[in-house]
Each structure stands twice: as structure tokens, then as C-alpha cells.
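Report on the following structure.
The values are calculated or read from the model by the stated rules, or taken from the named source; none is laboratory data. Since we're looking at a predicted model, the values are computed, not measured. Backbone-built Cβ (ideal geometry, glycine too); neighbour counts: all protein chains shown. We work out accessible area using only protein heavy atoms, side chains counted, and drop any ligands, DNA or RNA first. Shrake-Rupley method; radii C 1.70, N 1.55, O 1.52, S 1.80 Å.
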Amino acid sequence: MTATPVNLTGYTPIELRDKEFEQISRWVYDIAGIRLSDNKKALVTSRLGSRLRELRLTSFHQYLDIIANHKHPLSVTERQKALNLLTTNETFFFREIAHFDFIREVILPLKQGRKLRCWSAASSTGEEAYSLAMELATHHSGLWEIIGTDINVEVIERASKGVYPLTRIDHIPTAMLHQYCLKGAGAKAGTFKIKQELRRHVHFSQANLQQPPESLGSFDLVFLRNVMIYFDLQSKTHVVENVLRHLKPGGHLLIGHAESLNGISDKLTLIRPSVYIAG
Ligand SMILES: C[S@@+](CC[C@H](N)C(=O)[O-])C[C@H]1O[C@@H](n2cnc3c(N)ncnc32)[C@H](O)[C@@H]1O
């Protein structure tokens, strides 16, 4: 008996040929710096496959004709849709809690009374930026502002709304949950919303870390967490150079605990695991 993969969608999967996978991988690498290793072929087939069916396409070749052909009328919107589908947006509130403890215990006492500008540089759906917002609203005595950016416009739209399923509250400290979140009722039951008093300090926009806009300005604190795992050394180096242009001298850069900047830049000093200071 031959083993046939179980397909719970009821659709006949559209075959992604090796050459097409290579073209998609090259395309996403050139735009976003994301390296899709060969073991991501099934993931690409399933994530883009549903989009092909929506467009009533029968092959990945046809899809590549749209996204790689700049003259195609759908190419701009479809390229963004493909990027949205190919990024991995896993995140949660107060992820890697040690960073928030460090901000409260070490950074904020140094910055008392001063305006703080912070950047959540691969913000996904906004949990990281709002976790920081809760810390700053509770513990910072000066003005503050947080900018969240991501290459995926869909997650940016969700982040801007600041509405989450109640199942996401797990890591939010109880006092902050009561102070900064509103439980939805009626049609919004099962969700909670970040209160306007926090949201007015937090702004989201789409930006590619391969070429972030100058207009972002400069920051005292940058979160660049759990995104470099998708980059190879070359794109990681390029992204860190880009981020450093927006980090003030003496500003802090926080990366994911599973990530490393070894040998990437001599303009950063490691002051504790996953925490760097500019200069
Ligand atoms: C796994 S999430 C990490 C979210 C959050 N920083 C955290 O640690 O929980 C990675 C995010 O990086 C974004 N991303 C990937 N490549 C990017 C790029 N070139 N520019 C900006 N964002 C990118 C993805 O869209 C995704 O939302």
C-alpha cells in the first residue's frame, strides 16, 4: 500500500515544483531577507496554496507570473499578500519576561523624567509593544512613545486595533490587566481591548527592516526579537546596520534569547545575555 498524505482540506493540493520553490525562496529573500530552507516547502505549499485557490490559479508558475512580473496589474498587492502569508508571526504578551524586568529595574531608573522613544522593530500583532507600554505607563515618570513596525501589513492592522482573544491574557500581570485592558461584551465577548490611554502612545506602521524609512527617527530602546532567526548572516548584518542608524548613542538593543549578534557589529556592547548598548 502506498502512503498518501492525509489532506483534511478536501482540496487536491497544487504541486509546488522544486524550481518554483527556489524562485519563491529567492524572491522572499531578495525582498525581506528571509531564508526559506528546503524543509519549508510543505509550509509554502500550504500557505500559498489557499491563496492560489482564491485566485482560481492552477499552478505556482501562474502565481510567480503575478508576483515576479512588475507590470502585472496585481503584482503590488499580491506581493504584499504573499509576504503576509510567508512570514511567521508567533508572539505573546510579556514574551521573554527578563527583558521587561531589565527595563523596569535598570533602564527606567537611568531615564527618570526624560522622554523615551522605543521601537518594536518586528512587532507582529503588537503584543510586544503593548507589554512595553504597560511597563512604561506603570513605571516611567517622563513622556514616552512606542513605534511598532512589521513587514506584514495584516499584523500591523491587527496591532493598531489592539483587540485580542481572551485566551491571550495569560502572561499579563493581573494588576496591568485590570488597569489597561477592557473586556469585550455582547458581540465582542471573548475578546479584550487595550485601553486608549495606552494606545495613544503606541503607533504602528509597515516597514521592512531591510530598508526602514529614515522618518522613523531615533530611539532610546529597540526590540529586535525573534526575527533574526529567519535571516542568514548577510541579511542579519544588513538589518543590524539599519537598526543601529536609528539607535541613539547609549541606547539599548534587545534581541531574542535564542539569537546572537556575535561578530555582527563592533558598534554594540553586550551588557547581559541578549541585551546590547550602542557605543
Ligand atoms: C516571530 S515574530 C516576532 C514578534 C515579536 N518581536 C516577538 O518576539 O514576539 C517575527 C516577525 O518578524 C516579521 N518580519 C520578518 N521579516 C521582516 C522584515 N524583513 N522586516 C520587518 N519585519 C519582518 C514577521 O512578519 C513577524 O511578524
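Determine if the stretch 203-215 includes at least one residue that is within 22 Å of Asp266 (Cβ to Cβ) and either more than 13 Å from the ligand (Cβ to nearest atom) or without any contact (Cβ under 8 Å) to a residue 60 or more places away in the chain (or both).
No, the conditions are met nowhere in the stretch 203-215.
Counting only residues that are in a strand (DSSP E or B) and touching a Phe, Trp or Tyr at 6+ places or on another chain (Cβ under 8 Å), which one in the stretch 198-220 is nearest to Ile277 (Cα to Cα)?
Here the residue is Phe219.
So that you can scan it fast, the table gives a plain yes or no per residue for (1) more than 16 Å from the chain's Cα centre (by Cα); (2) under 16 Å from Ile103 (Cα atoms); (3) not in a strand (DSSP E or B):
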| position | (1), (2), (3) |
| --- | --- |
| Val222 | no, yes, no |
| Val240 | no, no, yes |
| Gly251 | yes, yes, no |
| Ser260 | yes, no, yes |
| Leu270 | yes, yes, no |
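Quick one: would you say Gln206 is among the polar types (S, T, N, Q), in contact with a helix residue (DSSP H, G or I) (Cβ under 6 Å, 6 or more places away or on another chain) and at pLDDT 95 or above?
Yes.
Within the stretch 134-142, is even one residue buried (at least 21 other Cβ atoms within 10 Å of the Cβ), more than 20 Å from the chain's Cα centre (by Cα), part of a helix (DSSP H, G or I) and not hydroxyl-bearing (Ser, Thr, Tyr)?
Yes: the stretch 134-142 contains one or more residues that are buried (at least 21 other Cβ atoms within 10 Å of the Cβ), more than 20 Å from the chain's Cα centre (by Cα), part of a helix (DSSP H, G or I) and not hydroxyl-bearing (Ser, Thr, Tyr).
Please verify whether Tyr63 is touching a Leu at 6+ places or on another chain (Cβ under 7 Å), of a type outside the set (A, V, I, L, M, F, W, C), within 19 Å of Phe223 (Cα to Cα) and in a helix (DSSP H, G or I), treating the condition exactly as stated.
no
Of everything in the stretch 224-254, what is touching a Phe, Trp or Tyr at 6+ places or on another chain (Cβ under 7 Å) and under 21 Å from Thr125 (Cβ atoms)? Give them in sequence order.
Within the stretch 224-254, Val239, Leu254 meet the criteria.
Given the conditions (1) touching a Leu at 6+ places or on another chain (Cβ under 9 Å); (2) in contact (Cβ under 8 Å) with a residue 60 or more places away in the chain, and given that Asn226 satisfies all but one, which numbered condition is not satisfied?
Here Asn226 meets the rest and fails (1).
Quick one: would you say Glu90 is within 9 Å of the ligand (Cβ to nearest atom) and either free of Cβ contacts under 8 Å to residues at least 24 places away in the same chain or of a type in the set (D, E, K, R) (or both)?
Judged against the criteria, Glu90 is a match.
Would you tally the residues in the stretch 52-87 being within 16 Å of the ligand (Cβ to nearest atom) and open to solvent by less than 50 Å² (accessible area, probe 1.4 Å)?
Of the residues in the stretch 52-87, 7 are within 16 Å of the ligand (Cβ to nearest atom) and open to solvent by less than 50 Å² (accessible area, probe 1.4 Å).
Only residues that are within 16 Å of the ligand (Cβ to nearest atom) and either surrounded by fewer than 23 Cβ atoms within 10 Å (Cβ to Cβ) or in contact (Cβ under 8 Å) with a residue 60 or more places away in the chain (or both): list them for the stretch 102-126, please.
Phe102, Ile103, Cys118, Trp119, Ser120, Ala121, Ala122, Ser123, Gly126
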